[in-house]
Structures are given as structure tokens and as C-alpha cells.
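Note sheet for the following structure.
The values are calculated or read from the model by the stated rules, or taken from the named source; none is laboratory data. Small disclaimer: the values here were computed from a predicted structure and weren't measured. Neighbour counts are summed over all protein chains in view; Cβ atoms, including those assigned to glycine, are modelled from backbone coordinates with ideal geometry. The area values use the complete protein model at the heavy-atom level, side chains included, leaving out ligands, DNA and RNA. Shrake-Rupley method; radii C 1.70, N 1.55, O 1.52, S 1.80 Å.
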Amino acid sequence: MTGGRGRSRPPRELARDPENWPEATFVDQPQARVVQAVAQALTRQMTLQGLGLRRVAALSGVNRQAVANLLAGGSWPDVATLSRLEDGLGVGLYPGTNDPGSMHC
């Protein structure tokens, strides 16, 4: 799923109801559900911290358009992107985490 042709379609398009992203329903798409959970966590943190796309980009070093694509379900974020976002915001975004993953290395 996550390598090669499995990523030819963005996570949003793998949902049963892509127009409902990031609350869309997935069947047999566990990796897309992870991206969905990351997008939901990022949205929550942006709201809690009162941050817009530009500020998230500045804090994390992740391109503003890359952040927008993640939030919209239009891209498969890589480990570096996720780690930079977590470090920049000071929270875990990966499902089941509270702290940035880099704090555990």
C-alpha cells in the first residue's frame, strides 16, 4: 500500500466518501487511516494553539503547501515531515502518541 503504485492516489481518494475528509470512512485502507488521524491531530493542534498554515510552516520548517496538502488528504507525508511537524508544535501527531517521536530516540 505505502510504496510504489500504492501511493499513486492520495489518501483522501481512497476513502469511501472522500468529500467528507478528514472524517471520511475507509475500508481496508489502514495506511490512509493513519494519514487521516495525523491530519485530524494536526487540525486539533492548530486550533488549540491558534496557528495558521504559515505559522505551522515557520515553526516546523515544513513547506506551507505540504502542510495544506496533508490537511486536505492530498499527500502521503513522509517520516521527516511528520517529525518536523511534531517537533515544531511540541506534540505527537502520530496516532497513539502524545509527545514528538524524536523525544523517544
Filter result (crowded, with 18+ Cβ neighbours inside 10 Å and part of a helix (DSSP H, G or I)) within segment 6-32: P11, R12, L14, A32
Count of segment 67-83 residues which are part of a helix (DSSP H, G or I) and buried (at least 19 other Cβ atoms within 10 Å of the Cβ): 6
Long-range neighbours under 6 Å by Cβ, at least six apart or interchain, first residue free of Cβ contacts under 8 Å to residues at least 24 places away in the same chain within segment 59-74, second among the hydrophobic types (A, V, I, L, M, F, W, C): R64/L53; R64/A57; A68/L53
Filtered residue count, segment 57-66, keeping only those that are of a type outside the set (A, V, I, L, M, F, W, C) and open to solvent by less than 50 Å² (accessible area, probe 1.4 Å): 1
Hits in segment 36-56 - residues which are exposed (fewer than 13 other Cβ atoms within 10 Å of the Cβ) and among the small types (G, A, S): G50, G52
Any hit, segment 64-71, residues being among the β-branched types (V, I, T), within 24 Å of L14 (Cα to Cα), in contact with a Pro (Cβ under 7 Å, 6 or more places away or on another chain) and modelled with pLDDT of 95 or more: no
Within segment 84-95, tally of residues that are over 10 Å from the mean Cα position of the chain (by Cα) and closer than 10 Å to G61 by Cβ: 3
Where a residue in segment 40-53 is under 22 Å from P11 (Cα atoms) and its partner, wherever it lies, is not aliphatic (A, V, I, L, M), with Cβ under 7 Å and at least six apart: Q40/P22; T43/P22; L53/R64
